[in-house]
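Input: a single structure, listed below in structure tokens.
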Amino acid sequence: MKTIQVLTVCLGNICRSPAAQGILADVAERAGVPMALDSAGTAAYHVGNKPDARSIKALLNVGLDIRHQRARQVAKEDFAQYDWILAMDEQNRRNLLQLCPPQFRDKVVLFGEAVPGLHLGEVDDPYYGSDDGFAHMVTHLTELSEAFVEYLRTHKPR
Ligand code: 4NP
């Protein structure tokens with residue numbers, strides 16, 4: 001099976017998309033689906049920073065370490081390189097589509113809508129909320145990752 005290139009994207013690249021990268025990498029590895037991942041933000045506010053301490057902690061609680069990740073902004077070259085560009089929410093998806101060359105638009109999808117027929121919603125931004133929001137984010141991202149990896153495992157590559 002060809003290695004599938006996946007970019008997870010949120011606004012700041014410190015809360016949701018680093019968590020999505022860590023969780024998706026783990027789910028894919030355990031399912032035997034070869035996947036190369038990175039994450040990025042549509043905004044540049046946090047470029048070079050580690051993930052938010054609350055995301056790091058929520059992931060450590062489920063045995064995953066994302067402390068090595070550093071935030072970066074989405075770049076034009078990402079649209080050619082990645083097979084899937086998974087937006088955490090609708091605003092992220094709209095911002096990505098504004099940057100995306102026309103021939104790559106199909107690669108940009110809402111993570112919760114990546115599997116045809118499944119509508120698993122937006123990944124809510126937990127940045128301004130409580131720690132509960134981060135625990136909920138982990139549960140939601142795990143559900144999305146399991147559905148996405150199962151889809152990749154059972155369908156032809158795009
Ligand atoms: P993320 O969360 O998009 O999941 O990384 C946010 C991080 C930072 C900000 C907003 C959302 N911010 O406004 O700085």
**Request:** List every residue pair whose Cβ atoms lie under 6 Å apart, where the two residues are 6 or more positions apart in sequence or sit on different chains, the first residue falls within the range 1-21 and is within 14 Å of Val138 (Cα to Cα) and touching a residue at least 40 places away in the same chain (Cβ under 8 Å), and the second residue, located anywhere, is within 6 Å of the ligand (Cβ to nearest atom) and in a strand (DSSP E or B).
**Result:** Arg16/Cys10; Ser17/Cys10
**Prompt:** Any residue in the range 73-85 that is open to solvent by 10 Å² or more (accessible area, probe 1.4 Å), assigned to a loop (DSSP other than H, G, I, E, B) and without any contact (Cβ under 8 Å) to a residue 12 or more places away in the chain?
**Reply:** yes
**Asked** Applying the selection to the range 27-57, what residues are over 15 Å from Cys15 (Cβ atoms) and not in a loop (DSSP other than H, G, I, E, B)?
**Response** Val27, Ala28, Glu29, Arg30, Ala31, Met35, Ala36, Leu37, Asp38
**Asked** How many of the residues in the range 44-63 are within 16 Å of the ligand (Cβ to nearest atom) and surrounded by fewer than 20 Cβ atoms within 10 Å (Cβ to Cβ)?
**Response** 9
**Asked** Taking only pairs six or more apart or across chains, which ones have beta-carbon atoms under 6 Å, a first residue in the range 117-130 that is near the ligand (Cβ under 10 Å from one of its atoms), and a second residue that is in a loop (DSSP other than H, G, I, E, B)?
**Response** Val123/Met88; Pro126/Cys15; Tyr127/Cys15
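Can you report the number of residues in the range 8-32 which are open to solvent by 10 Å² or more (accessible area, probe 1.4 Å) and near the ligand (Cβ under 8 Å from one of its atoms)?
Within the range 8-32, residues that are open to solvent by 10 Å² or more (accessible area, probe 1.4 Å) and near the ligand (Cβ under 8 Å from one of its atoms) number 3.
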**Prompt:** Got a number for residues in the range 131-152 being away from the ligand (no atom under 16 Å from the Cβ) and at pLDDT below 95?
**Reply:** 0
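The values are calculated or read from the model by the stated rules, or taken from the named source; none is laboratory data. Computed from a predicted model, the values in this text were never measured in an experiment. Cβ: placed from backbone, ideal geometry, glycine included. Neighbour counts: every protein chain shown. SASA here: full protein model, heavy atoms, side chains in, ligands and nucleic acids out. Shrake-Rupley method; radii C 1.70, N 1.55, O 1.52, S 1.80 Å.
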